[in-house]
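Each value in this text was obtained by applying a stated rule to the coordinates, not by laboratory testing. Please read all numbers here as calculations on a predicted model, not as lab measurements. Every residue, glycine among them, receives a Cβ derived from its backbone with ideal geometry; neighbour counts consider all protein chains shown.
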Amino acid sequence: MMNQRKPILRTCIISREVCEKKDLIRIVRSPEGLVLIDLKGKANGRGAYLKKDRDIILKAKKTKALDKKLEVAVPDNIYDELLGLLNDEGKE
């Protein structure tokens, strides 16, 4: 019998929806102050989760929710990368 691990749940900072970690993208501010997309979910630093949803990402960009959560200005290219990730996933 396989040991059933319970799913790791995190909350999307925009929708406030609690989702499994695999349905979210983690954006992290490293100790050096860099903003990265943490696909492995293991990077050091302050993290925030966004649902893998185009509207959520666009809303995060518009409201600067990530800037507030990570306490740093999030560059636009991060949002472009996030949208790019969504497009890549859709092609699979």
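Structure above, values below:
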{"item": "Proximal lysines relative to LYS61, as straight alpha-carbon distance under 17 Å, when same-chain residues fewer than 8 apart are discounted", "result": "LYS51, LYS52, LYS69"}
{"item": "Theoretical ellipticity at 222 nm over the chain - DSSP helices of four or more residues, -39500 (n - 2.57) apiece, nearest 500", "result": "-10500 deg cm²/dmol"}
{"item": "Using a Förster distance of 25 Å, the FRET efficiency for ARG46-LYS6 (Cβ separation, nearest 0.05)", "result": "0.50"}
{"item": "Stretchable slack from THR63 to ASN77, in nm (0.36 nm times residue separation minus alpha-carbon distance)", "result": "3.5 nm"}
{"item": "Charge dipole magnitude, Cβ of K and R +1, D and E -1 - the chain, Cα centre, debye nearest 20", "result": "440 debye"}
{"item": "Convex hull projection area averaged over all views, the chain, Cα basis, nm²", "result": "6.8 nm²"}
{"item": "Net charge contributed by nearby residues that have their C-beta within less than 12 Å of ASP53 (K/R +1, D/E -1)", "result": "0"}
{"item": "Extension gain (nm, one decimal) between VAL18 and LEU86, 0.36 nm per residue minus Cα-Cα", "result": "22.6 nm"}
